[in-house]
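In what follows, a single structure is set out as structure tokens and then discussed.
The values are calculated or read from the model by the stated rules, or taken from the named source; none is laboratory data. Nothing here was measured: the structure is a model prediction, and the numbers come from that model. A quick note on method: Cβ atoms are made from the backbone with ideal geometry, for glycine too, and the neighbour counts reach across all protein chains shown. Areas reflect the complete protein model, heavy atoms only, side chains present, ligands, DNA and RNA absent. Shrake-Rupley method; radii C 1.70, N 1.55, O 1.52, S 1.80 Å.
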Amino acid sequence: MPADIPLNVELLLRILFAAICGSVIGFERGLWKKEAGQRTHCVLAAAACTYMIVSVYGFQDITAGEADLTHIAAWTVCGINFLGFGIIFKDKSTGISGLSTATGLWATVVIGLACGIGMYMLSLFTTLILVLLQPLITLTNLDTFAYTMQEVRIEVEDVPSVMEFLKKRKKKYHVDLQSCEYTKNEDRGTITLRFRFKM
């Protein structure tokens, strides 16, 4: 901390810097229509920074060794779990979603904590990594080797022809048929097939 800046002003600047970093990350996430946007990330970073400031400067009257001053910071990181629980969910058709958003929130809290103890360069570098790297991975499809679950529903009159079609396409598109269910439509004389693929 520069010697010519009063401590109270420095602490306010830390919270502001954390809020800016969180807003930048949230803005990028909002562009991709993610569940947690700019306001969520801004609040998380600023709140985490405040928690860290309280942890470092709020107990200066306590003799060293009488209290663990990192306790608040540690529980701040643990407290982000309740947001992760609400964002990560599993769906039969799309599989698990919300992982990147939840981990982004967790990283935003860490950035806020870093701002709270004055590690500006570390906070800025981590923010740039998150903002630049996530869109790059999305645009370049670096995660295309991951498997996803997809569900397809079709209504047919001739089931054997559909099964033959699926066999021919299985190798071409690298899909693995997980399950197949059918429902008879007596009024239309057709059958509705529901396939679940691992792709």
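Numbers below:
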quantity	calculated
Unmet criterion (only one of (1) over 14 Å from the mean Cα position of the chain (by Cα); (2) in contact (Cβ under 8 Å) with a residue 12 or more places away in the chain; (3) open to solvent by 30 Å² or more (accessible area, probe 1.4 Å)) for Ile53	(3)
Residue list for the stretch 30-50, filter: part of a helix (DSSP H, G or I) and open to solvent by 10 Å² or more (accessible area, probe 1.4 Å)	Gly30, Leu31, Gln38, Arg39, Thr40, Cys42, Val43, Leu44, Ala46, Ala47, Thr50
Unmet requirement for Thr127, which otherwise passes all of (1) modelled with pLDDT under 75; (2) in a helix (DSSP H, G or I); (3) polar (S, T, N, Q)	(1)
